[in-house]
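Asker: Submitted below is the structure of interest, expressed as structure tokens.
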Amino acid sequence: MADRSVEIEISDGPSRLAFFFAIAAGLVLVVFIAVLATSDGDSGFARSPLVSKPAPLISGEAVDGTVFDLDEQRGRWVVVNFFSTTCVPCIQEHPELVAFEEEHSVVGDAAVVSIAFSDSSRNVREFFAANGGDWAVLAEDTGRHAISYGVAAVPETYLVAPSGIVTSKFIGGVTKADLEAEIGRLSGSTGVS
Amino acid sequence: MFSRRSLVWLCLLAAALSALAVSTQLEGPPRTNEDRVRSLSEDFACPTCDGQSVAESNAVVAEEIRREIRRQVDEGQTDRQITDALVASYDESIDLRPRSGGVVGLIWIVPVVVMVFGFGALASVFRRWRLTEAQSASAEDVELVRSLREDRPT
């Protein structure tokens, strides 16, 4: 009988050890599942980490030969529009930007700057000649600007407050009403200026 | 303080941990700018693609990011500066490498913890096996077997 009790004690040790390690492995598995379940996945690109931060610098020669510098626009709202002459939503939103710029250039409280994404100066000149629009348009060496703003696909539009802080990002075509509603909301409720 | 066997196990554990630590440091920075651009491009996700890196994708934005990485490398920016700039623009989801901080940092810690526990488990099991051998060779067992053999009819 004494020998049998010894056998039971010996066989019980490893099984208890295995039990503890099974629990430990289970806990590790639960942690990994929790990490995966709470991660943002690919949807993170819909938001911009630039919002509430100083707008990245934009400076360079526009297609009309003038020099544009975003810093010189301090004191008024700036609509930074990334576009391409061949993208359909960009073509569709263009009249909205024209209407917005025509109205606000008179008052002087807002400006528009367009930055061509992977396009040519010639295409941009032809596009504006055909579709209207009288504001600074950058077309050469613009990749660095697009990347610094986190552009994934055009059209994308950023609204920069008179203080130089990025307040909003619009993905897809933007409208005059969208821009004015956002400026009104930020000017009125939060006093952004 | 430690038995000789324990010291052997501790040395084995220290050697394994040292090898792990050294292996993470062995991959120095690539030598040429071209190597650095290729290496960095593989570390970032294409923002408009599904599961492709900037290096793999032919999307316009991937080409622009590669060009921007090339420009920054040529300007003398470090890998960390280039990574920080892209993360600042696109957020952390563009960085395919697991970050060292936060919950994601567990990816680095868990394997080490599991390895330490693994060594502990092996040491524990080997120790039990040794105890088992000692108990199974008792004089009573030997006597019992001997008497049974003597009683067995031939």
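Asker: Looking only at other chains, what is the average number of their beta-carbon atoms within 10 angstrom of each beta-carbon in B:87-97?
Answerer: Taking all residues of B:87-97 together, the mean is 5.
Asker: Counting only DSSP beta bridges with both residues in region A:101-193, tell me the antiparallel percent, nearest 5.
Answerer: Details: 5 of 8 bridges.
Rounded to the nearest five, the antiparallel share is 60 percent.
Asker: Toward the positive end of the charge dipole of region A:59-115, about the Cα centre and with charges on Cβ (Lys, Arg +1; Asp, Glu -1), which of A:Ser105, A:Val88, A:Val78 goes farthest?
Answerer: Working it through, the farthest residue towards the positive pole turns out to be A:Val88.
Asker: In Å, what Kirkwood hydrodynamic radius results for region A:75-161 from the alpha-carbon pair distances?
Answerer: 13.0
Asker: Sticking with this one: Starting at 0 and stepping by 10 Å, how many percent of the alpha carbon pairs of chain B end up in each bin?
Answerer: Result, from short to long distances: 9, 23, 19, 14, 12, 9, 5, 6, 3, 0 percent.
Asker: Here's another thing I want to ask about it. Using each residue's phi in region B:119-128, evaluate 6.51 cos²θ - 1.76 cosθ + 1.60 at θ = phi - 60° and report the 3J(HN,Hα) Karplus result to the nearest Hz, with x for Gly and Pro.
Answerer: So the Karplus estimates, Gly and Pro as x, are 4, x, 5, 4, 4, 5, 5, 4, 5, 5 Hz.
Asker: Quick one: net charge of A:Ser163's neighbours, Cβ under 13 Å, K/R +1, D/E -1?
Answerer: +2
Asker: Enumerate the calculated ³J(HN,Hα) couplings along region A:167-184 in order (Karplus 6.51 cos²θ - 1.76 cosθ + 1.60, θ = phi - 60°), each rounded to whole Hz, writing x wherever the residue is Gly or Pro.
Answerer: Result, rounded to whole Hz: 10, 8, 10, 10, 9, x, x, 10, 10, 4, 5, 4, 5, 5, 5, 5, 5, x.
Asker: Would you tell me the mean number of C-beta atoms belonging to other protein chains that fall within 10 Å of each C-beta in A:112-125, as a whole number? Could you put the intermediate results ahead of the total?
Answerer: Values: counts 0, 0, 0, 0, 0, 3, 5, 1, 0, 0, 0, 0, 0, 0.
For peptide A:112-125, the averaged partner shielding equals 1.
Asker: Could I ask something else about it? Could you give me the ³J(HN,Hα) list for region A:96-104, computed from phi with Karplus coefficients 6.51, -1.76, 1.60 and θ = phi - 60°, whole Hz, x at Gly and Pro?
Answerer: Values, residue by residue: 5, 5, 4, 5, 4, 5, 4, 6, 7 Hz.
Asker: Within region A:126-162, which residues have the backbone N less than 14 Å from the label spot 7 Å out from B:Ala88 along Cα→beta-carbon, could you tell me?
Answerer: Those under the cut-off are A:145, A:147-150.
Asker: Order the peptides B:64-70, A:49-55, B:118-124, A:99-105 from the highest to the lowest mean number of other Cβ atoms within 10 Å of their residues. All intermediate terms of the calculation are to be shown ahead of the outcome.
Answerer: Values: B:64-70: 21.0, A:49-55: 15.6, B:118-124: 14.0, A:99-105: 17.6.
Highest-to-lowest ranking by the protection proxy: B:64-70, A:99-105, A:49-55, B:118-124.
Asker: Per Stokes-Einstein, at 20 °C and 1.002 mPa s, what whole-number D in µm² s⁻¹ belongs to region A:43-193, with the Kirkwood radius over Cα pairs as the hydrodynamic radius?
Answerer: Rounded to a whole number, D works out at 140 µm²/s.
Asker: Further question on the same structure: Just want to confirm a number: the relative contact order over chain B, from Cα pairs under 8 angstrom separated by 6+ residues, in percent.
Answerer: 15
Asker: Another question about this same structure. How far apart, in nm, are the 7 Å Cα→Cβ label points at A:Ala18 and B:Val116?
Answerer: The two pseudo-label positions are separated by 2.7 nm.
Asker: Given an 8 Å cut-off on Cα distances and at least 6 residues of separation, report the relative contact order of region B:27-83 as a percent.
Answerer: On the way: 57 pairs, mean separation 15.8, N = 57.
28 percent.
Asker: A follow-up question, please. How high is the relative contact order of region A:68-153? Use alpha-carbon pairs under 8 Å, at least six apart in sequence, and give a whole percent.
Answerer: It comes to 33 percent, rounded to a whole number.
Asker: Shifting gears a bit: Kirkwood-based Rg over Rh for region B:5-78 (C-alpha set), two decimals?
Answerer: Value, to two decimals: 1.29.
Asker: Using modelled backbone amide H atoms (1.01 Å from N, in-plane), which distant-in-sequence or interchain residues come within less than 5 Å of A:Ile58's amide H?
Answerer: Here A:Leu70, A:Asp71 satisfy the definition.
Asker: If packing is taken as the average number of other Cβ atoms within 10 Å across a peptide's residues, how do A:74-81, B:81-88, A:113-120 rank, most packed first? Don't skip to the end; give the middle numbers.
Answerer: Numbers: A:74-81: 19.9, B:81-88: 17.2, A:113-120: 22.0.
Taking the mean over residues of other Cβ atoms within 10 Å, the ranking is A:113-120, A:74-81, B:81-88.
Asker: Let me have the 222 nm mean residue ellipticity of chain B computed from DSSP H runs of 4+ only, each contributing -39500 (n - 2.57), with the sum over all residues rounded to the nearest 500.
Answerer: -22500 deg cm²/dmol
Laboratory data are not the source of any read-out in this text; all were calculated from the coordinates shown. This one's a predicted model, so the numbers in the text were calculated from it and none came from an experiment. All Cβ positions, glycine included, derive from the backbone under ideal geometry; neighbour counts span all protein chains shown.
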